[in-house]
1. Taking θ as phi - 60°, what are the ³J(HN,Hα) couplings along region 274-288 by the Karplus curve (6.51, -1.76, 1.60), each to the nearest whole Hz, with x for Gly and Pro?
2. Given 20 °C and 1.002 mPa s, how large is the Stokes-Einstein diffusion coefficient of region 209-319 in µm²/s, with Rh as the Kirkwood radius over Cα pairs?
3. Under the Karplus relation 6.51 cos²θ - 1.76 cosθ + 1.60, θ = phi - 60°, what is the ordered set of whole-Hz ³J(HN,Hα) values for region 8-23, x standing for Gly and Pro?
4. Taking Rh as the Kirkwood radius computed over C-alpha pairs, what is the Stokes-Einstein D of region 271-399 at 25 °C in a medium of viscosity 0.890 mPa s, expressed in µm² per second?
5. Which ³J(HN,Hα) values in Hz, rounded to whole numbers, follow from the phi angles of region 107-114 under the Karplus curve 6.51 cos²θ - 1.76 cosθ + 1.60, where θ = phi - 60° and Gly and Pro get x?
6. List the chymotrypsin sites (Phe, Trp or Tyr not before Pro) in region 245-318 that DSSP assigns to loop (not H, G, I, E or B) and whose Cβ has at most 16 other Cβ atoms within 10 Å. Which are they?
7. Take Glu261, Glu280, Glu335 and order them by how many other Cβ atoms sit within 10 Å, fewest up front.
8. Please give the peptides 7-13, 115-121 ranked by average Cβ packing (other Cβ atoms within 10 Å per residue), highest first, as a rough proxy for protection.
Amino acid sequence: MDSGYSWVILAGAFMNYMILTGVLKSFGILYSELLDQYDITSGQGALSGFLSTTFSFRGVTFVGGLLIGSGLCFSGLTSRPEMLFLTYSLLTGTGLGLCMPSSLSIVNFYFNKKRALASGIVTSAGGVSALIFPALYRVLFDSYGINGGLVLLGGIYFNVCVGSSLLRQPPQLRKITQFDNEHRKSFLNSCLTETSKYLGILRKTFKKILQNPCYRLYTAAFSFALVGYTANFTVIPPHLRSRGISDNDIVTTLMASGIGELISRIGVGYIVNKKYVKAETIFIANMGISGILSIVFPFFDAVSVNYTYSLLAGLLPGAINLLMMLMLSPVIGVEQLPSALSLSYLFIHTFYLIGMPFIGYMDDLTGNWNASFYCIGLMLILSAILVLIGTLTCNREHKSQDFKNGVTLECIQSPESKPMLAISKVSSI
């Protein structure tokens, strides 16, 4: 814990997360090209955490890397926009769904005292990707066209498989991944038996997680926040292009968000690690302020405002993936965090299916992207309100339950570096 091979795990997770978030941070560049090339309207994975704890983080992430690279390569080989739903959306999306929770949650098993800082370093890779990948997308599309560019990007994203080779299954989960000789003798029987067993465990695990009211409120908040945050990178490029901003200036604008994210994620990790401010407080403040900024942004045309908004769009809500882990860990527990994250991403990406097309349709209905930014702002503000309600509700419930039971709960550290719960009676008053 906090030393030795833990830093190699951190390096592998950082590499993977940097490559993976490049898909998201650069989608606005691809989106603008698709709108121009195919003349379409603006409006047109969830088991990874459980699979990672059942099989291995390395194996699940490796398969995810294969799917992402294949999806992008196949997207470059098709000339029909309908096929992108199969190649880009399904294959690449499934790969991202497998890799994201695994790359984020594995660090929590190898860091304890420096967990917040390590998580901040991993998620800061998203800021690095925002500095690199928008410019890379622009160069590849300008040099090789959208089809050739996607094929080359597919080759780049296969490097997730390289990053996954550095991951090692955490000691506390290794016993789950070991199969005895009897399983190996009858492969088909083993598959059927194990599948049935794993589905039963999956159902019980997800049921237990969903019974936590704080988890439900936080996941709802994350859904609104992540859609609002990600939508910025989708909407900013076509919005600026509609105002006559050049493609090179658009790339520079997106790179400003990368600088903001880099500062935000390392800074938030350090602040929470030092216990200066709670993760929930940072989330409420950052999402509330960034929501207001999204609403007022369309009223300004100055180029300097574009850079400022993009910088703040990365600086304030940019630490959301880090905050997700820091907020869910004490609520769910570290060992259930991979399953909790994957379940959260199920709800988040289900909301994506509704929220992202709706934001695109705002341009179709109004003729400009202003209304899309209003929607983004409202989503971010609503996420802050939900976390505020969740924080107040959970704190009240915990205090009430502790007083009723007459016990105090204290988190201590076992010799094996596993979190344990010490329970002591409260003396009579």
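What follows is calculated from the coordinates using simple rules that are stated; it is not laboratory data. This is a predicted model, so every value here is computed, not measured. Note that each Cβ is placed from the backbone with ideal geometry, even for glycine, and that neighbours are counted across all protein chains shown.
1. My calculation for region 274-288 gives 7, 6, 6, 9, 6, 4, 4, 5, 4, 4, 4, 5, 5, 5, x Hz in order.
2. For the chosen part, D equals 142 µm²/s.
3. Here the 3J(HN,Hα) series is 5, 4, 4, 5, x, 5, 4, 4, 4, 5, 4, 5, 5, 6, x, 4 Hz.
4. 150 µm²/s
5. Values per residue, Gly and Pro as x: 4, 5, 7, 10, 10, 10, 5, 9 Hz.
6. Tyr276, Phe300
7. The fewest-first ordering by Cβ neighbours comes to Glu335, Glu280, Glu261.
8. Ranking the peptides 7-13, 115-121 by packing returns 115-121, 7-13.
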